[in-house]
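Here is the structure we will look at, set down as structure tokens.
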Amino acid sequence: AALLHLVQVYCPLEASPYHRVANVFACAGRGCWGQPRSWKVLRSQYLQTEEKEARDRSSKQKQESNFAANDWYEEADDWGVCDEAESPAYTSLQLLGLNEVMMSNSLSREVECASQFQQLRLSEAADMSGPLCMRAPVREGTAAASSAPVFQPYYISVVDEEDYTGFLDTDHADKLLKEYQQREGVDLEQLMSESFAGEGDNEKYEKSEVKSRDHAFHKFMKRISVCHEQILRYSWGGQPLFITCPPANINKGIPACSNCGSNRVFEFQLMPALVSMLQSDTDLSVEFGTAIVYTCERSCWPTNHQTPLEEFIFVQEDPDQKLFK
């Protein structure tokens, strides 16, 4: 089955000359949930100097065709655009291979850009004009090469976790934790303080495993309680937040960059709240606990490279999913 596009993250690194985008894909088949091979993350980059050259060429062409640039430039302040700053919308379009944003006299720049975004598709064509490009429109009377369903798109609002300091409300987290313990039939406080002295080795191992699992879940719930509707956490080079206890050798299991051989570092993770937002016209869904993305620590990008580089993603299931298998 075709992989579905879940998330696109514009994530330039500080002091880097590149614009940078990460795209996450997953299979919607129920049997594929939680399977690493059913997920894929692709990183694309675009050199800002190349963008400037493309914009200069575009500007020259518009001047030669007597394009009335002043018709839309009066509204440029709304985008924070000036001679030294670039429109985020234009940057994203460049990363997707749209070298020029044509403006309409009857539409504002904002409306036109939004319209362009709604038409964006990933293309598998070999002759790509950029790291990612827009699929050519289908002519009347012809069939599309791919009719893969898509999820309803949303823009992501970004806030710093530190902004919530002092506003911690654990009531919601405590309620969810209580419901989880009742559903699982476990007592977290008892497990955290219980001694295993005098019990068999197998029983010790089983109880220790449950204890470790619930401790990781409790830590997860406590951390996200400041904003339980969060759908993505980003911290390049930081530490991920595991929903269940990860393998002891998790760091050894993260492969080196396939392009330059450097280590990969944590960059971002998808959160459980995203699951309920993945809606489509068809009855499709992708369920998970958290999906953790690791990318090249050098963020390498070969000269004149035109296709995305694949990175590593580690998926943890929602603990409840195991009850239905």
Accessible surface, per residue, of the stretch 266-325 when the full set of protein chains is kept, probe 1.4 Å, Å²: 46 Å²
I need the peptides 150-161, 23-34, 226-237 ranked by packing, meaning the mean over residues of other C-beta atoms within 10 angstrom, with the highest value on top. 23-34, 226-237, 150-161
Give me a comma-separated list of calculated 3J(HN,Hα) values for the stretch 302-316, in order, Karplus coefficients 6.51, -1.76, 1.60 applied at θ = phi - 60°, integers in Hz, x for any Gly or Pro. x, 4, 6, 6, 10, 10, x, 9, 7, 10, 10, 10, 10, 10, 10
If every Lys and Arg gets +1 and every Asp and Glu gets -1 at its Cβ, then about the Cα centre the stretch 249-325 yields a dipole, in debye to the nearest 20, of 400 debye
Place +1 on the Cβ of every Lys and Arg and -1 on the Cβ of every Asp and Glu in the stretch 242-325, take the dipole about the Cα centre, and give the residue among Q306, F268, Y294 whose Cα lies farthest towards its positive end. Y294
Whole-Hz Karplus couplings 3J(HN,Hα) for the stretch 243-259, θ = phi - 60° and coefficients 6.51, -1.76, 1.60, Gly and Pro as x, run 8, 10, 5, x, x, 4, 9, 4, 5, 6, x, 8, x, 5, 4, 6, 8
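The values are calculated or read from the model by the stated rules, or taken from the named source; none is laboratory data. Note that the coordinates shown come from a computational prediction; the quantities given were computed from them, not determined experimentally. Don't worry about glycine lacking a Cβ; one is built from the backbone with ideal geometry, like all the others, and counts go over all protein chains shown. Just so you know, the surface numbers come from the protein's heavy atoms only, side chains and all, with ligands and any DNA or RNA stripped out. Shrake-Rupley method; radii C 1.70, N 1.55, O 1.52, S 1.80 Å.
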